[in-house]
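Presented below is the structure to which this report refers.
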Amino acid sequence: MNEQDGPPGGPGPGQPADGRPDPAAPAYCYRHPDRETGIRCTRCDRPICPDCMIPASVGFQCPECVKSGSGTGHPAAAPEPRTLAGGRLSSDTRLVTKVLLGINVAVFIAVQIVGGPLLDRTLLFGQAITQAYGPLEGVAEGQWYRLVTSMFLHQEIWHVAMNMLGLWFLGPPLEAALGRVRYLGLYLLSGIAGGAVTYLLAAPQQASLGASGAIFGLFGATAVLMRRLRYDMRPILILLAINLVFTFTWKNIAWEAHIGGLVAGAVLAYAMVHAPRGRRRLVQYGAFALVLAVVIVLLVVRTAQLTP
């Protein structure tokens, strides 16, 4: 581990000699100078990377401040600490992940209790009759809500277990780096994009369910984030490659949802972590609007193909 020499209160990389952060300059962890970060110690205001972040009652602190029990405190004009993507820091970087996991598990239990009726109302499919002599149903019939409900729907224990394991493994680091709102938006829009690609390419009667599209969105976002922070990308690339092999070799897997979610997640994450600081919100909101617009176009095109 490389550590910079000097007293704990001294300026780190990305800071001028007077110790005040320069908002226009990229910040690098003062203990790991090769790692760019958007997170700062809430006591001494030095930049710290995820490996150096120690949760505090508010935000995060660096190892030196925690060890000494003291700090220089924020300068009077110091900006509010933000994540790498510009989100607000939070003391619990797993909150949204835990809520999403809880919703998925709760819906899985409900499916085991209610069974077919609940599945028929929430599955993703383009156009089909779900009961004898019943009406046509599906996204093509205006039931666009199925793009969202199907994201939290699992029927088999192995399916929900694998997806929730991926969510618990990939979610917290992204939640910490992006902030809660951006992370939640990435998860939901990646899942919706995966559903839209499935709707476009799959047979109208083919049913699809599961959080896999959103999980693959987290895969894409994690790869982008690790590249941005110059971490070793081999572990995530190997894990992604294994999942892609399963995607195209196992039966009854909606590969369309996996690929759609992966692309959407990578695009959104790239916009969030590479946006210029001065135009961060414009670029990030624009990326979300662009992906949503593509989703709407896919839905309109496929609906026009399936309805007279």
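A few comments on the model shown:
So that you can scan it fast, the table gives a plain yes or no per residue for (1) within 19 Å of the chain's Cα centre (by Cα); (2) assigned to a loop (DSSP other than H, G, I, E, B); (3) surrounded by 17 or more Cβ atoms within 10 Å (Cβ to Cβ):
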position: A140; (1), (2), (3): no, no, yes
position: G166; (1), (2), (3): yes, no, yes
position: E175; (1), (2), (3): yes, no, yes
position: G185; (1), (2), (3): yes, no, yes
position: Q205; (1), (2), (3): no, yes, no
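- Assessment of the range 245-256 against the conditions (at pLDDT below 95 and among the hydroxyl-bearing types (S, T, Y)) yields at least one matching residue.
- Out of L218, L268, L237, L225, one residue alone is surrounded by 21 or more Cβ atoms within 10 Å (Cβ to Cβ) and farther than 21 Å from M151 by Cβ. It is L225.
- Within the range 142-164, restricting attention to residues that are surrounded by 13 or more Cβ atoms within 10 Å (Cβ to Cβ) and of a type in the set (S, T, Y), the residue that is nearest to A207 (Cα to Cα) is S150.
- Tally, over the range 83-131, of residues that are outside the structural domain of L225 (by TED's automatic domain parsing) and assigned to a strand (DSSP E or B): 1
- Given (1) surrounded by fewer than 24 Cβ atoms within 10 Å (Cβ to Cβ); (2) under 20 Å from W144 (Cα atoms); (3) without any contact (Cβ under 8 Å) to a residue 60 or more places away in the chain, number of the condition S212 does not satisfy: (1)
- Some residue of the range 229-236 being farther than 25 Å from T198 by Cβ and among the acidic types (D, E): yes
- Residue check: G166 meets all listed conditions (1) without any contact (Cβ under 8 Å) to a residue 12 or more places away in the chain; (2) under 26 Å from P55 (Cβ atoms) but one, namely (1).
- Check on E141, among the charged types (D, E, K, R), assigned by TED's automatic domain parsing to the domain that holds V295 and touching a Phe, Trp or Tyr at 6+ places or on another chain (Cβ under 9 Å): no
- The single condition from (1) in contact with a helix residue (DSSP H, G or I) (Cβ under 7 Å, 6 or more places away or on another chain); (2) assigned to a loop (DSSP other than H, G, I, E, B) that Y231 fails is (1).
The values are calculated or read from the model by the stated rules, or taken from the named source; none is laboratory data. This structure is a prediction, so every number in the text was calculated from the model and none was measured. As a convention, Cβ positions derive from the backbone with ideal geometry for all residues, glycine included, and neighbour counts pool all protein chains shown.
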